[in-house]
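Participant: Take this structure, written in structure tokens, and hold onto it; I'll ask about it next.
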Amino acid sequence: MEALEELYERQNNILKNRKIIDKLPDKGKQLKEKLDQVKKELELRQDIKELEQNMNMLTINNESTDVLKEKHVQYICSIEKSPKKERYKPFSTLVKEKEHREKTTKPTQLIPLAESITLLAEQANKLPVSNHILQYTHSKCIFVPYF
């Protein structure tokens, strides 16, 4: 940046000297263009420097970190674990599962917390309908004495 400023000052001093400019064949046209280019580059670099200073002064305030510090959120996050990925076994998976299907049951498949909440909401929407159906399907209890 200092070299550009020095170049700008030299070019500007040459342009101020009328004796030198009058001797040039284009009367200093190329010199003026070069001076404009240097001036634009200096302005651009100054803007970048100001932007750097402003970026250094900025801080990111993330309010979600405050929410994550609450006890119940920490507890829920500590309980949730990501599902384990099983290793692929090319020749044993299909046959072995078929042979041992009656003997063993597969472990429960873990799902992310967001999916779990969605499923709970869907079940809550279905529950009043099922209760409504149950009200009209109850049969009357008849007492039959045992002799």
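Participant: Give the residues of region 2-28 that are under 58 Å from the mean Cα position of the chain (by Cα), surrounded by 11 or more Cβ atoms within 10 Å (Cβ to Cβ) and not in a helix (DSSP H, G or I), sorted by residue number.
Facilitator: Once the filter is applied, which keeps residues that are under 58 Å from the mean Cα position of the chain (by Cα), surrounded by 11 or more Cβ atoms within 10 Å (Cβ to Cβ) and not in a helix (DSSP H, G or I), region 2-28 yields Lys27, Gly28.
Participant: Follow-up. Could you give every pair whose Cβ atoms fall below 9 Å, whose first residue belongs to region 76-87 and is at pLDDT below 75, and whose second residue is small (Gly, Ala, Ser), counting only separations of at least 6 or pairs across chains?
Facilitator: What qualifies is Glu80/Ser116.
The values are calculated or read from the model by the stated rules, or taken from the named source; none is laboratory data. For clarity, every value in this text was computed on a predicted model and none was experimentally measured. For neighbour counting, all protein chains shown are included, and Cβ atoms are generated from backbone atoms with ideal geometry for every residue, glycine included.
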